[in-house]
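The structure appears below as structure tokens.
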Amino acid sequence: MACSAKRISHLIPPLAEKIKAAAAARSIVCNNCIWNDDGICKVVAAKHGKENADIADGVKRLSLHCPTDRWQAVSVVCPKCGRSTVVSERTGVCKWCDMKQTTGREHRVHYQPRKIPDGLSAMPFKGVPLRHLYFFLYPRYVSPTLYHLDWLDLCSESFNGKRICCVAIDESTHHGNDAIIARLDSYFDQVIYIQNDPSKREAAGFVQGLQMLASTNNDEMVCFAHGKGQQSHTAESQIVRQWTAAMYETVVMNWMNAAHAMVDGFPLSGSFKSVGNFATTAHRWHYSGSFFWARSKALYGNEAWKQLCNQWFAAESYVGRHFASGEGHCLFGDHIAGGSMYQPATWKRLLPELEQWRINNERIARKVTATNLGVRNSDV
């Protein structure tokens, strides 16, 4: 149960009914528990002190779980990221958001940062750029896995170079599914299978995969993408599908505009640019969703390109670790702020802009419309 608290933080939205129901169910268990010493949990008291072991207080905290696993923590919606998860009464956010906000220098990987240019300089391609793909996949659920593979098929013309896929596997993944194996082997030039590491997520295999595409040729570019939507609360989420569709449309299929931005001097180009995040990075910005293109010369010309922070969000925070915000061009959804990408309110604000983008990019929109991959606004 960890240590209990005397109050419920005012930062948590009103959850009176959920707290009441959880407290009632938990109290029944605790009242019949051998570790209940006149309202004091002896297991908690031994570790955190008697003053922190009041059962009447502990059962009201949704974020707590019984130290002997007789009842579990209750998930709620994190007001910061919009995920349904355990939210701390102390901080008012989930542990992932708390880590993003508070991770200090002791967790940073120390390296010599690249020199940031004073301004952008035009860097034309000699011809049609060679376009590579690095894709990360954690095939925990079949439906979102096939959804991404369908999108990659639709985006096939975006790549004329190497295609590398890193697949994280464990006892919960469907990496043995014959249909998935066949499609991976037919689409990618090389598929790397690694053991899943929940503490690293997309960062697992990141360096190994990118090493296969390493080049300082000025006429090459690399697309970063991943199989988003492999958690229990995101696998069938229409909002996550809308987000995913928008990233494939505005980033992967939109490679020509990304290349034009690189001609203008931008080393990076992606969508849903967000600033002011990740304390582990020097420049504190990222592409929300982690779909973006990078100019190979700028990426691999950085001697420290292999360096990531040692947190689960290392892949997402990578761009802000090595590149200044001004070096990141935004293809769609510039400076996302004021809401989580997981929440309907954010998409209510974004969808009119996305529809206009689709009107302005008719070639891409028409190609998507001919499939069943797009998500209608009414579905979100």
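Values quoted throughout were computed directly from the atomic coordinates according to the rules given, and no laboratory measurement underlies them. Please read these numbers as outputs of a predicted model, since none were measured by experiment. Don't worry about glycine lacking a Cβ; one is built from the backbone with ideal geometry, like all the others, and counts go over all protein chains shown.
Determine one quarter of the surface area of the Cα convex hull of the chain, which equals its mean projected area, and express it in nm² to one decimal. Don't skip to the answer; put the middle values down first.
Values: hull surface 83.7 nm².
The orientation-averaged projected area of the Cα hull of the chain comes to 20.9 nm².
Report Rg/Rh for region 16-97, rounded to two decimals, where Rg is the Cα radius of gyration and Rh the Kirkwood radius. Walk me through the numbers before you get to the answer.
Details: Rg = 13.2 Å, Rh = 13.3 Å.
Radius of gyration over Kirkwood radius for region 16-97 works out to 1.00.
For a label point 7 Å from the Cα of S27 along Cα→C-beta, name the residues of region 37-75 whose backbone N is under 17 Å from it.
In region 37-75, the label zone of S27 (backbone N under 17 Å from the point 7 Å along Cα→Cβ) covers 37-41, 54-62, 71.
Excluding same-chain residues fewer than 8 positions from K162, which aspartates and glutamates have a Cα within less than 16 Å of its Cα?
Once the sequence-local aspartates and glutamates are set aside, what remains near K162 is D153, D185, D189, D219, E220.
For region 187-249, what is one quarter of the convex hull surface built on the Cα atoms, given in nm²?
On the way: hull surface 24.1 nm².
Projected over every direction and averaged, the Cα hull of region 187-249 covers 6.0 nm².
Anything over 32 Å Cα to Cα? Flag those among K80/K306; K42/K228; K273/K306; K60/K228; K126/K348; K60/K273, in the order listed.
Violating the 32 Å Cα-Cα cut-off are K42/K228; K60/K228; K126/K348; K60/K273.
Return the sequence-ordered ³J(HN,Hα) values of region 212-229 in whole Hz as given by the Karplus equation 6.51 cos²θ - 1.76 cosθ + 1.60 applied to θ = phi - 60°, using x for Gly and Pro.
Residue by residue, region 212-229 yields 6, 10, 4, 6, 9, 5, 5, 9, 10, 9, 10, 9, 9, 8, 8, x, 4, x Hz.
Of the peptides 183-195, 128-140, 205-217, 70-82, how do they stack up when ordered by the mean number of other Cβ atoms within 10 Å, highest first?
The peptides rank, most packed first, as 128-140, 70-82, 205-217, 183-195.
Over what distance in Å are the Cα centres of region 146-162 and region 314-370 separated?
So the two Cα centres are separated by 19 Å.
Which length gain, in nm to one decimal place, applies between T371 and D170 when the Cα-Cα distance is subtracted from 0.36 nm times their residue separation?
Difference between extended and current length: 69.2 nm.
Working out 0.36 nm times the residue gap between R284 and Q208, then minus their Cα-Cα distance, what length gain in nm do you get to one decimal?
Contour length minus the Cα-Cα distance gives 24.9 nm.
Exposed loop GluC sites (Glu not before Pro) only (DSSP loop, at most 15 other Cβ atoms within 10 Å): please give the longest stretch of the chain free of them, not including the sites.
On the way: sites that count: E171, E236, E303.
For GluC sites (Glu not before Pro) (loop position, at most 15 other Cβ atoms within 10 Å), the longest site-free span of the chain is 1-170.
Check the straight Cα-Cα distances from K18 and name the aspartates and glutamates below 19 Å, setting aside those fewer than 8 residues away within the same chain.
The reachable aspartates and glutamates, counting only those whose Cα sits under 19 Å from K18, are D57, E89.
For T68 and Q238, calculate 0.36 nm times their separation in residues minus their Cα-Cα distance, and state this gained length in nm to one decimal.
Gain in length upon complete extension: 57.5 nm.
From the phi angles alone, apply the Karplus equation (6.51, -1.76, 1.60; θ = phi - 60°) to region 234-248 and give each ³J(HN,Hα) in whole Hz, x where the residue is Gly or Pro.
Rounded to whole hertz, the list is 10, 4, 10, 5, 5, 5, 5, 5, 4, 4, 4, 4, 5, 6, 5.
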